[in-house]
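*Asks:* This structure is in structure tokens; I'll ask about it shortly.
Since every read-out is calculated from the coordinates, none of them should be taken as a lab result. Since this is a predicted model, take the numbers as computed values, not measurements. Heads up, the Cβs are rebuilt from the backbone with ideal geometry, glycines too, and the neighbour counts pull from every protein chain shown.
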Amino acid sequence: MTRNKGGRPPAGDDKRSFKIDVRFTEAEYRQVEALEKELGLKKTELVRRKLLYEGKGIAVNAAALMKRLDAVSLELSRSGNNINQLARYANRLQKRGLLSPPVIDEYLRLLGRHENEQMELALLFRKLIRSLIP
């Protein structure tokens, strides 16, 4: 009885068999190296994407973007919790007739901050999606 796990998938017709040699000045090469390090791509993949996709997909460092998205999500969650606590407190005060303008001002400030964080998160998601679509 043989156990066939499938093995390596068959190679497609898209084998890269053509090579282009490119020469850079010292400054250009340093820029390529900096992009390579920043984006976490090999030089060949960097040049290939730049040539074939006109730079799409290389403008964003995915790791840094995901780190930033995590930070924004955490901040958004914190502000949402603060807003909920303040709204609960304001409701209690309103029932007693003690709702003060500073409480309302703080609520509006936190709500505005929350909306700004939501907009930033939406922009980052759009940037991420654009970078993934060649």
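*Asks:* Considering Cα pairs under 8 angstrom that are at least six residues apart, work out the relative contact order of region 62-132 and quote it in whole percent.
*Replies:* Rounded, it is 50 percent for region 62-132.
*Asks:* Projecting each Cα onto the charge dipole of the chain (Lys/Arg +1, Asp/Glu -1 at the beta carbon, about the Cα centre), which of Tyr53, Gly7, Phe18 comes out farthest on the positive side?
*Replies:* Gly7
*Asks:* Turning to a different aspect of this structure: Can you return the aspartates and glutamates within cross-link range of Lys15? Criterion is Cα-Cα under 18 Å, with same-chain partners fewer than 8 residues away left out.
*Replies:* Output for Lys15: Glu45.
*Asks:* For the chain, with only Lys/Arg (+1) and Asp/Glu (-1) charged at the beta-carbon, what is the dipole magnitude about the Cα centre, in debye rounded to 20?
*Replies:* In total the dipole reaches around 580 debye.
*Asks:* Related question: Against the longest alpha carbon principal axis of the chain, how many degrees, from 0 to 90 and to the nearest 10, is the axis of helix 101-132 turned?
*Replies:* 10 degrees
*Asks:* Next question, about the same structure. In degrees from 0 to 90, rounded to the nearest 10, what is the angle of the helix 43-53 Cα long axis to the longest principal axis of the chain?
*Replies:* 80 degrees
*Asks:* Can you tell me, using C-alpha contacts under 8 Å and at least 6 residues apart, the relative contact order of the chain as a whole percent?
*Replies:* The value is 28 percent.
*Asks:* In degrees between 0 and 90, to the nearest 10, how far off the longest principal axis of the chain does helix 62-96 point, with axes built from Cα atoms?
*Replies:* 10 degrees
*Asks:* How large is Rg/Rh for the chain, to two decimals, with Cα atoms and a Kirkwood Rh?
*Replies:* My calculation puts Rg/Rh at 1.28.
*Asks:* Once you have the Kirkwood Rh of region 62-132 from its Cα pairs, apply Stokes-Einstein at 37 °C and 0.692 mPa s and quote D in µm²/s.
*Replies:* Taking Rh from Cα pairs, D becomes 240 µm²/s.
*Asks:* Can you figure out the FRET efficiency of Glu33 with Lys67, using R₀ = 22 Å and their beta-carbon distance, to the nearest 0.05?
*Replies:* It comes out at approximately 0.50.
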